[in-house]
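Q: So that we are looking at the same thing, I have put the structure below in structure tokens.
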Amino acid sequence: MPVGAASRAAAAASCACPDPECVVPGAHPFDPGLLAATTDARMIRWWWSSRPEAPVLLATGGRAPCAVSLPAVAGARALAALDAQGMRLGPVVATPTRWAILVAPYDLERLGDLLYAKDSVPSSLRFHGEGGYLPLPPPTTGTGQVRWERAPLEGSARPWLPDVEAVVDALVEASSSTPGGGSRLAY
């Protein structure tokens, strides 16, 4: 591996936060929570020009999209199953280890009722709702490059998102049927 590539790989595996053992490098806000969040175009231009290596994070929940993520192999299976059903999906974010399907906003009570009705829910499923974060392309996190598996439609200011109820069965099935149970918890 060339020296430049080695130093980029080492930087991607670490995080800019003060925690030397951060378990989600590059996949959480460094600045204090939502105090640094903005939709101000001038501030965003300044961030991207002064800190181009900083990850772009979507704060999930509230009026913002939510997501359900699962191990990458299970994610590919779930997308194939949803496509076979003719399910309309919105954007899907992928890292080498996990895929996240963006869904319409939901609250914890609604999610709790939905999951309570299931016989079991694999521990490999993660729900990104109120107070959560999801890295968006093109940054690199500790697990590698973040990319769009399904990008938002070009020019779409507000992409269409399915309800969590519409996709959760396929995600549970794909995670449960993945060799090893799909329980890899890597971010």
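Q: Between residue 42 and residue 154, what FRET efficiency follows from the Cβ-Cβ distance if R0 is 30 Å, with the result rounded to 0.05? Can you show the working numbers first?
A: Values: r = 24 Å, r/R0 = 0.81.
After rounding to 0.05, the efficiency reads 0.80.
Q: Over the alpha-carbon set of the range 69-112, work out the extent along each principal axis and list the three values in angstrom, largest first.
A: Sorted largest first, the three principal extents are 29, 25, 17 Å.
Q: Taking θ as phi - 60°, what are the ³J(HN,Hα) couplings along the range 79-85 by the Karplus curve (6.51, -1.76, 1.60), each to the nearest whole Hz, with x for Gly and Pro?
A: 4, 4, 5, 5, 4, 4, 7
Q: Once the mean 1/r over all distinct Cα pairs of the range 37-98 is inverted, what Kirkwood radius in angstroms do you read off? All intermediate terms of the calculation are to be shown ahead of the outcome.
A: Values: mean 1/r = 0.0694 Å⁻¹.
Result for the range 37-98, one decimal place: 14.4 Å.
Computed from the coordinates by the stated procedures, all read-outs in this text should not be read as laboratory data. Please read all numbers here as calculations on a predicted model, not as lab measurements. Note that we place each Cβ from the backbone using ideal geometry, even for glycine, and neighbour counts take in every protein chain shown.
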